[in-house]
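To start, the structure under review is shown below, and the notes come after it.
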Amino acid sequence: MFTFILEYKIIRINAQQHLVNTTILPVDCDKPSTYFYIMKRVSILPLYDATLTSIDSSHQILSRVNDFMKYQGKPPFYKVEIVGLEKETTLNGGLYNIHVDKTIDQVTKTDVIILPLLCGDFSKAILKNRKYNDWIIAQYHDNAEIVCL
């Protein structure tokens, strides 16, 4: 019991030094001098029958985070790449062309894989996108996170 009270007082003193209070207990905040992170490599897949807006929105929002970090004088948080089967992917029956940054053969390690929203004939899309399966599974076993929109 005494140890718990002693530890609580130490935590409380540290929190008060940084002037951070919460509704329950004061907590220590991140100090810029101790701010530490590792850049996340994000791979957005331009799947067959994917909506262009879900690919572009994912790319834009992560790029805006990088812009914010740059504005604060810090390095980018994400390395965002569009990763496809081939260097050029078409969407909506050829209405849109996406020039990918890398092919799946060129990416050996990624931290996050974003699977965009699909529309159209799902059974056909599943068959056409099957070529990504082995790569996604390998990345998952290498601790990549999978995000489905």
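P(r) tail for segment 70-138, what percent of Cα pairs lie past 14 Å?
Details: 1613 of 2346 pairs.
In whole percent, the share of Cα-Cα pairs in segment 70-138 beyond 14 Å is 69.
Within 10 Å, count the other beta carbons around each residue, average over each peptide in 118-126, 54-62, and list them highest first.
Working: 118-126: 12.6, 54-62: 17.0.
Ranking the peptides 118-126, 54-62 by packing returns 54-62, 118-126.
Subtract the Cα-Cα distance of Leu95 and His141 from 0.36 nm times their separation in residues, and report this length gain in nm to one decimal.
Values: separation 46, 0.36 × 46 = 16.56 nm, distance 3.51 nm.
Contour length minus Cα-Cα distance gives 13.0 nm.
Between Ile38 and Asp121, how high is the FRET efficiency from 1/(1 + (r/R0)^6) when r is the Cβ-Cβ distance and R₀ = 30 Å? Nearest 0.05. Intermediate results must be reported in sequence, preceding the final value.
Details: r = 40 Å, r/R0 = 1.32.
The computed FRET efficiency comes out at 0.15.
Every number here is computed from the coordinates shown, using simple stated rules; none is lab data. Values in this document were obtained by computation on a predicted structure and should not be read as measured data. Counting neighbours? That spans all protein chains shown, and the Cβs are built from the backbone with ideal geometry, glycine included.
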